[in-house]
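Asks: If you scroll down you'll find the structure; I have some questions about it.
Every number in this text was worked out from the coordinates using simple rules, so none of it is lab data. Please read these numbers as outputs of a predicted model, since none were measured by experiment. Here the Cβ positions follow ideal geometry from the backbone for every residue, glycine too, while neighbour counts run over all protein chains shown.
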Amino acid sequence: MDRLRGMNGTVHGGVADGRPSLARDTDMCEAILALSGTTNGHLAAQGFATLARRTGTGFDGLADEHKKITFADTQARPVPVTTSPEWSGSETGGRRYSAFTINVEHRKPWHTLTGRQHFFLDHDWMHEAGEALPIYRPPLNMTVLFGEPGIGEGGEQGITVRYLTPHSKWSIHSEYQDNLLMLTLSRGGPTIWMSPADAARAGIRDNDWVEALNRNGVVVARAIVSHRMPTGTVYMYHAQERVVDVPKSEASGRRGGIHNSLTRLMIKPTHLIGGYAQLSFAFNYLGPTGNQRDEITVIRRRSQEVDY
Amino acid sequence: MTKVMAQLAMVMNLDKCIGCHTCSVTCKQAWTNRAGTEYVWFNNVETRPGQGYPRTYQDQERWRGGWELNHRGRLRLKAGGRLRKLFSIFANPLMPSIQDYYEPWTYDYDRLFSAPMQDDTPVARPKSLITGENTKISWSANWDDNLAGGPELAPADPVLRKLSDQVKLEFEQAFMFYLPRICEHCLNPSCVASCPSGAMYKRSEDGIVLVDQDRCRGWRMCVTGCPYKKVYFNHKTGKAEKCTFCYPRVEVGIPTVCSETCVGRLRYIGLILYDADRVAEAASVADEKDLYEAQRSVLLDPNDPEVIAAARAEGIPEDWLEAARRSPIYKLIFDFGVALPLHPEYRTMPMVWYIPPLSPVVDVLSGTGHDGEDADNLFGAIDALRIPIGYLAELFSAGDPEPVRNVLRRLAAMRSYMRRINLGREPDESIATAVGMTGERVEEMYRLLAIAAYGERYVIPKAHAEQGARLEESMSGCSLDYEGGPGMGGPFGEASGMPVPVAVENFHALKDRQTTGALVDPEDRQNRVNLLNWDGKGTPDGLFPDRNGRKQP
Ligand code: SF4
Ligand code: SF4
């Protein structure tokens, strides 16, 4: 805090009297950098010491105690973060991040009931659902549940297919598949991959504009027809930018959506287990599975005149 | 007595390429992020089977790149000799058009900030960089990535069309791999031989093939002459440009940008010594299938005392000879015998070689429920699988499947030999013997291919100032003494003194591009006008004030 006061200045009077100033945007950036173990080595060292007391194992040499990254450093050039107990990987000594190296090499227990990696979930509700061990569950029947048309139905007016949203090979979300260079090395905008058989039935050719629609929303994209795709399934790769080359939809008259416009979170009782070791709430999204990715959609060729 | 010369060469291990395009992007940022080179990718990564970039460049019946043998068995350019060229010099039909590369575009990004209040979020729509108009994107530098558009586009793949077996483009039989490509820095470069102005040259110290920007007159015969289509025309300067093997970097002993940034760590750079007097003879062997062996026979053993003596006689410095002995390239081509040239049948003696991928074979095995790491399964599949292997053979050994099979057998042997060790079992020497190696050799190969430590992947000796007159950016004299540079001495402008070093020009161009708001050809970008080349016709950008009376910079 003293260091932050030194950098940002001190507030005089009012509720924040004596606190470091957050008057400017850069002050806030300095505050974030000063309060994270990954950019303030002192905190990392402190965090590891606390962790060592809790786990009874040693984390010596992991933290870079005297390293402090300031906002000016990050403006000058990209700066690698330092190793800190928030993350399970070690980047000490210029090493590349890899998950769980701290668990494996420093014997830090995993955040589970047993402290080990385990598949068995010994909880009453899990037993009741028959899911104490990982099991196969067939895709949900969207026709029965939500009145969607059945897979394989339809023809020229649009066919019903499974809709999957895998991560693409180049990117984490829009980084970096959506910069101009990477768009130039692909199809230059949002696309949906489909099999030749499905495309033929719906009268879709490679690079045609298509719309994919279900009860949740609508996507406008160009089709990629490829024999790499199995019949009955389409892919829309995860998180393609909505601000690049997305026209308005014929179905809604509004801007076409992103991959997640067709998915919706679904909760079942086992998702509501809480306060039980690793089965506790953390702020991301609910549920240990990606079941909202288990979707279907009607995909059809739209007018090739698109309006932005 | 042999005439020993040194060549910087590269090998890429295709099993490790994940098609991430990092190499292409970093290369583009370093070299071709300038006006006039929007469509140019010195490094590109294409999915095979696929059409490649520019499309169908491998169809030499159409593009007529590289060399062929005349009826007397002598080499001649496939596009024809001097006379034929003179007639076509003003309209060269053997040049890929911009549509064969792709029509570069950008997006109306400004709209995202400037759009008025409206019901829907604004989007940036594509605009052609050629016309500046709205466009629907219908081809790109890598349109058929990951077999995109396969059923429609892959049948035009010239390599696929050469296969005698009918290849079904179906899900069950799908196979693919990535092929990263740069200029091959050939020992017998047809680009150099095609140039009517003598502007292209192969550097004598390290074999890098370059375009002399001062002598280039923009005839573009090199574009036709190169069968790999790795010379490009800069439509702003009107001159040819090509992959430089990052000479400013390798001269100081660091790897090319594409290699340095390769995510798969699959590129190797090192020196190869070769007998310059025997290149033409080797390139003219009658049977295309013998070209791979012929090229190997031109490459010299850096440990052979006679070779060392002959190299010294040619003035090759000692540290270069030492680097040649430690060369990973030599190991991969000879000691392990796993690297093959790309399209030896073009007869240019390419010097970027490839380790063909075993993955199409492993994929078939694991896809059918077999153990893809078992030596017998792998050997059996390598013998039985005609299609992926035939395809690889058309790329790397002029259609002869044997060299490809031999390499794949060695890679397969390494896989299963090392798996036993990994699982804590006794090493099985018989696996190594089955492919003509020893267990020790296999482990060495594993170290170079799998561990791939930086210092072992790149063995690049530094350039010697005394060595050459042609070492561009480390040339003696004041390095700031270029036109427009702070040290510029002479009283005359453009075309007097030394050209701007590429690194400097590129730095400014990149800055201009990143700071300008205009879509196409921003007028606040620095333009260069060469008065000596101006023939009085037209009004080159930057020569006159524009209509509004504002002087252009
Ligand atoms: S690959 Fe390079 S050296 Fe070979 S012919 Fe083409 S441009 Fe010339
Ligand atoms: S950076 Fe390496 S792994 Fe990625 S595409 Fe290029 S060659 Fe392949």
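Asks: On average over all directions, what projected area in square nanometres does the protein assembly as shown have, based on the convex hull of its Cα atoms?
Replies: With the hull built on Cα positions only, its mean projection is 45.6 nm².
Asks: List, in order, the whole-Hz ³J(HN,Hα) value for each residue of segment A:109-123 obtained from phi through the Karplus relation with A = 6.51, B = -1.76, C = 1.60 and θ = phi - 60°; use x for Gly and Pro.
Replies: Going residue by residue, I get x, 5, 7, 10, 4, 8, x, 10, 6, 9, 9, 7, 10, 8, 9 Hz, with x marking Gly and Pro.
Asks: Indicate the gyration tensor shape class of segment B:376-453 (rounded, prolate or oblate), computed on the Cα atoms with a ≥ b ≥ c the square roots of the eigenvalues: a/c under 1.5 is rounded; otherwise a/b larger than b/c is prolate and the rest oblate.
Replies: Here segment B:376-453 falls in the prolate category.
Asks: Per DSSP helix of 4 or more residues, -39500 (n - 2.57); summed, then divided by the residues of chain A. What does that give at 222 nm, rounded to the nearest 500? Mind showing how you got there, number by number?
Replies: Details: 9 runs with 66 residues, N = 308.
Rounded to the nearest 500, the figure is -5500 deg cm²/dmol.
Asks: Continuing with the same structure: Let me know the mean shielding of B:136-148 by other chains, meaning the per-residue number of their Cβ atoms within 10 Å of its Cβ.
Replies: Neighbouring Cβ atoms belonging to other protein chains average 6 per residue here.
Asks: If you don't mind, another one. Please compute the average number of Cβ atoms from other chains found within 10 Å of each residue's Cβ in peptide B:116-129.
Replies: 4
Asks: Where Rh is the Kirkwood radius over the Cα pairs of segment B:93-137, the temperature 4 °C and the viscosity 1.567 mPa s, what D in µm²/s does Stokes-Einstein return?
Replies: Values: Rh = 12.3 Å.
It comes out at roughly 105 µm²/s.
Asks: Please grab the % of Cα pairs in segment A:142-301 that end up more than 29 Å from each other.
Replies: Of the Cα pairs, 22 percent sit more than 29 Å apart.
Asks: Which angle from 0 to 90°, rounded to the nearest 10, does the C-alpha axis of helix A:41-55 make with the longest principal axis of chain A?
Replies: 90
Asks: Calculate the FRET efficiency for A:Ala129 and A:His12 from the Cβ-Cβ distance with a Förster distance of 56 Å, rounded to the nearest 0.05.
Replies: After rounding to 0.05, the efficiency reads 0.45.
Asks: Follow-up question, since we're still on this one. Tell me which lysines have Cα within less than 30 Å of A:Lys67's Cα, excluding those fewer than 8 residues away on the same chain?
Replies: The qualifying lysines are A:Lys108.
Asks: Right, here's the next one. Work out how much length B:Asp290 to B:Arg420 would gain on full extension: take 0.36 nm times their residue separation and subtract the Cα-Cα distance, in nm to one decimal.
Replies: So the extension gain works out to 43.1 nm.
Asks: Using the structure shown, select from B:Lys239/B:Lys462; A:Lys169/B:Lys462; B:Lys242/B:Lys462; B:Lys162/B:Lys289; B:Lys16/B:Lys230 the pairs with a Cα to Cα distance greater than 25 angstrom.
Replies: B:Lys239/B:Lys462; A:Lys169/B:Lys462
Asks: Any idea what Rg and Dmax come out to for segment A:2-106 if you just take the C-alpha atoms, in Å?
Replies: My reading of the Cα-based Rg and Dmax gives 15.8, 50 Å.
Asks: Positive end of the charge dipole of chain A (Lys, Arg +1 and Asp, Glu -1 on Cβ, about the Cα centre): tell me which of A:Ser21, A:Thr231, A:Met7 has its Cα farthest that way.
Replies: A:Thr231
Asks: May I ask for the distance between the Cα centers of segment B:328-403 and segment A:1-67, given as a whole number of Å?
Replies: Using only Cα atoms, the two centres lie 55 Å from each other.
Asks: Is there a simple number for the mean count of other chain Cβ atoms within 10 Å of the Cβ of residues in A:253-266, and what is it?
Replies: Averaged over the peptide's residues, the number is 1.
Asks: Among B:373-379, B:350-356, how do they line up from the highest to the lowest mean number of other beta-carbon atoms within 10 Å?
Replies: Per-residue mean Cβ counts within 10 Å order the peptides as B:350-356, B:373-379.
Asks: Let me ask you something else. Which angle between 0 and 90 degrees, to the nearest 10, do you get for helix A:25-35 versus the longest principal axis of chain A when only C-alpha atoms count?
Replies: Value to nearest ten degrees: 70.
Asks: State the answer as a single residue: which of A:Ser186, A:Gly150, B:Phe379 lies farthest towards the positive end of the charge dipole of the protein assembly as shown, with beta carbon charges of +1 for Lys and Arg and -1 for Asp and Glu, about the Cα centre.
Replies: Value computed over the given set: A:Ser186.
Asks: Same structure, new question: What is the log10 of I(q)/I(0) for chain A, computed with the Debye formula using one identical point scatterer on each Cα and no solvent, at q = 0.16 Å⁻¹?
Replies: With one equal scatterer per Cα and no solvent, log10 I(q)/I(0) is -1.20.
Asks: So what's the Cα pair-distance distribution over segment B:105-253, bin width 5 Å, in %?
Replies: For segment B:105-253, the pair-distance distribution reads 2, 7, 12, 12, 11, 12, 13, 13, 9, 5, 2, 1, 0.
Asks: Report, please, the projected area of segment A:177-268 averaged over directions, based on the convex hull of its C-alpha atoms, in nm².
Replies: If I average the Cα hull's projected area over directions, I get 6.8 nm².
Asks: To the nearest 20 debye, what charge dipole does the protein assembly as shown have about its Cα centre, counting +1 at the Cβ of each Lys and Arg and -1 at the Cβ of each Asp and Glu?
Replies: Dipole size: approximately 1120 debye.
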